[in-house]
Amino acid sequence: MTTFVDRVELHVAAGNGGHGCASVHREKFKPLGGPDGGNGGRGGDVILTVDQSVTTLLEYHHSPHRKATNGKPGEGGNRSGKDGQDLVLAVPDGTVVLDKAGNVLADLVGHGTSYIAAQGGRGGLGNAALASARRKAPGFALLGEPGDLHDIVLELKTVADVALVGYPSAGKSSLISVLSAAKPKIADYPFTTLVPNLGVVTAGSTVYTIADVPGLIPGASQGRGLGLEFLRHVERCSVLVHVLDTATLESDRDPVSDLDVIEAELREYGGLDNRPRIVVLNKVDVPDGKDLAEMVRPDLEARGYRVFEVSAVAHIGLRELSFALGDLVAGARAAKPKEEATRIVIRPKAVDDTGFTVTREEVGGEPLFRVRGEKPERWVRQTDFNNDEAVGYLADRLNRLGVEEELMKAGARSGDGVAIGPEENAVVFDWEPTVMAGAEMLGRRGEDHRFDEARPAAQRRRDKQAERDEALREYDDFDPFE
């Protein structure tokens with residue numbers, strides 16, 4: 001059974017926003033107390049967060065579909081809907097988030113680092129929030145927006161200071177087991193290590209992590225063996241250690257040729273040329289291994305490598321190697337630029353930026369004008385097209401934004417097709433400039449003429465007051481001596 005997964009495809013869906021509520025306050029003696037519909041709740045986000053206790057992406061390999069909860073709809077009495085709950089997904093330190101095309105969206109390094117993989121939809125406004133001096137009693141509310149849907153790829157790149165690379169069975173697992181407290185699987189056959197192993201090493205005042213990468217063979221950078229699966233785990237390492245087997249039983253191999261092969265694969269993979277290298281001649285406890293190490297050491301030192309003769313089994317040369325790696329790691333850390341506080345950059349939009357575009361297309365020989373922009377597309381998603389008043393409100397918003405004016409400039413005429421949104425999900429209608437919706441034929445859009453009429457109780461009070469005023473005037477005019 002698979003216990004380590006370092007690459008998965010994840011399908012994330014944020015929560016939808018709740019719909020706004022269209023409601024009118026009613027109570028005794030107040031049959032029309034005004035709009036009181038609440039707003040819909042916001043949909044939950046899908047958030048990736050680094051958790052140091054997580055070391056693999058196995059959980060998402062078995063359950064790749066994740067969805068946050070939806071926002072609740074608004075209710076009457078000015079009660080807003082409950083926001084959807086965010087879905088927080090824990091990922092290992094060093095996880096890279098990519099889209100389906102391979103573009104990097106986020107590089108999550110450091111405990112607590114987070115990234116919003118899918119944004120929850122906005123909640124729709126209720127009719128209480130839409131009311132104004134001109135629109136006293138809106139008979140509609142805005143719909144909640146749908147949440148984002150994304151297919152993303154998660155890749156794990158081990159966060160370690162030192163990477164042990166070399167042929168299978170070169171002794172990398174044995175070396176990491178004696179340098180640190182890690183207990184990897186060790187056996188006398190190739191490809192014993194199937195997953196990267198991490199260990200923590202203390203060398204004086206320097207504490208660093210060391211990674212044992214599964215064995216590389218010729219062609220690893222093109223996918224042979226396990227190399228391509230795990231070469232990315234050395235990308236974050238500051239120091240590379242070539243572990244060379246001086247006691248190999250294969251007649252066509254020797255430490256120098258093994259080094260050349262591994263270096264060729266690293267160059268083919270790319271991005272690792274600037275990492276300092278150390279060569280470790282392992283298994284010098286074997287007599288033939290010690291002789292071979294003494295033979296090849298001058299050649300390796302002539303190439304500029306620092307060479308260490310060690311034996312993981314006999315614990316020979318480990319202390320010197322450990323402190324040498326600690327010095328290189330400390331130097332690499334000191335050479336890194338200091339992290340600066342994140343600066344907030346505000347980029348205001350240009351004054352002449354309308355926020356939308358109008359383009360002319362030809363569909364079946366007929367002109368079609370496509371409107372693209374964040375606001376028009378969002379407004380369309382929030383509109384209930386079964387409500388004439390809501391459609392009229394959308395027309396007003398588009399007109400105020402300048403869409404109608406731009407359509408005229410683009411050559412649109414009455415009856416031409418207009419599409420708002422992308423081709424696969426657009427709202428298409430026949431354009432009629434400055435047309436009034438059915439709700440406006442009774443008056444101005446969004447107004448309830450019942451508010452202009454006198455209510456029965458109020459009218460009765462006015463009639464009684466008029467009668468009293470008339471009686472007082474008659475009393476003042478009365479002269480008993482006439």
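Confirm whether Val178 is open to solvent by 20 Å² or more (accessible area, probe 1.4 Å), in contact with a helix residue (DSSP H, G or I) (Cβ under 7 Å, 6 or more places away or on another chain) and not in a strand (DSSP E or B).
Working: open to solvent by 20 Å² or more (accessible area, probe 1.4 Å): yes; in contact with a helix residue (DSSP H, G or I) (Cβ under 7 Å, 6 or more places away or on another chain): yes; not in a strand (DSSP E or B): yes.
So Val178 passes the test.
Please go through the stretch 1-46 and give me each residue that is in a loop (DSSP other than H, G, I, E, B), of a type in the set (A, V, I, L, M, F, W, C) and modelled with pLDDT of 90 or more, ordered by number. Even if it seems obvious, please write down each step before you answer.
The initial filter retains those residues of the stretch 1-46 that are in a loop (DSSP other than H, G, I, E, B), namely 1-6, 14-23, 25-26, 28-29, 31-34, 36-45.
Checking which are of a type in the set (A, V, I, L, M, F, W, C) leaves us with 1, 4-5, 14, 21-22, 29, 32.
Ala14, Cys21, Ala22, listed by residue number.
For the stretch 376-430, name all the residues that are open to solvent by 80 Å² or more (accessible area, probe 1.4 Å) and among the β-branched types (Val, Ile, Thr).
Val428
Tally time: how many residues in the stretch 236-261 are in contact (Cβ under 8 Å) with a residue 60 or more places away in the chain and closer than 21 Å to Leu328 by Cα?
Residues flagged as in contact (Cβ under 8 Å) with a residue 60 or more places away in the chain and closer than 21 Å to Leu328 by Cα within the stretch 236-261 amount to 9.
Mind listing whichever residues of the stretch 124-141 are open to solvent by less than 10 Å² (accessible area, probe 1.4 Å) and assigned to a loop (DSSP other than H, G, I, E, B)?
Residues satisfying the conditions are Gly124, Gly126, Pro138, Phe140.
Just need a number here: residues in the stretch 25-80 that are in contact with a Leu (Cβ under 6 Å, 6 or more places away or on another chain) and aromatic (Phe, Trp, Tyr).
So the count comes out to 1.
Which number in (1) surrounded by 20 or more Cβ atoms within 10 Å (Cβ to Cβ); (2) without any contact (Cβ under 8 Å) to a residue 40 or more places away in the chain marks the one condition that Val162 misses?
Among (1) surrounded by 20 or more Cβ atoms within 10 Å (Cβ to Cβ); (2) without any contact (Cβ under 8 Å) to a residue 40 or more places away in the chain, the lone unmet condition for Val162 is (2).
State whether the residues of the stretch 103-123 include one that is open to solvent by 30 Å² or more (accessible area, probe 1.4 Å), among the polar types (S, T, N, Q) and either under 25 Å from Leu266 (Cα atoms) or in a strand (DSSP E or B) (or both).
Yes: the stretch 103-123 contains one or more residues that are open to solvent by 30 Å² or more (accessible area, probe 1.4 Å), among the polar types (S, T, N, Q) and either under 25 Å from Leu266 (Cα atoms) or in a strand (DSSP E or B) (or both).
For a quick check of your reading of the model, give me the residue pairs whose first member lies in the stretch 354-365 and is closer than 15 Å to Trp431 by Cβ and aliphatic (A, V, I, L, M), whose second is open to solvent by 60 Å² or more (accessible area, probe 1.4 Å) and in a strand (DSSP E or B), with beta-carbon atoms closer than 9 Å and at least 6 apart or on different chains.
Partner pairs satisfying both residue conditions: Val358/Arg372.
Every residue in the stretch 63-106 that is closer than 27 Å to Phe140 by Cβ and not polar (S, T, N, Q), please.
Gly71, Lys72, Pro73, Gly74, Glu75, Gly76, Gly77, Arg79, Gly81, Lys82, Asp83, Gly84
The values are calculated or read from the model by the stated rules, or taken from the named source; none is laboratory data. Everything numeric in this text was worked out from a predicted model, so none of it was measured. Note: ideal-geometry Cβ built from the backbone for every residue, glycine included; neighbour counts use all protein chains shown. Just the protein is used for accessible areas: all its heavy atoms, side chains included, with ligands, DNA and RNA removed. Shrake-Rupley method; radii C 1.70, N 1.55, O 1.52, S 1.80 Å.
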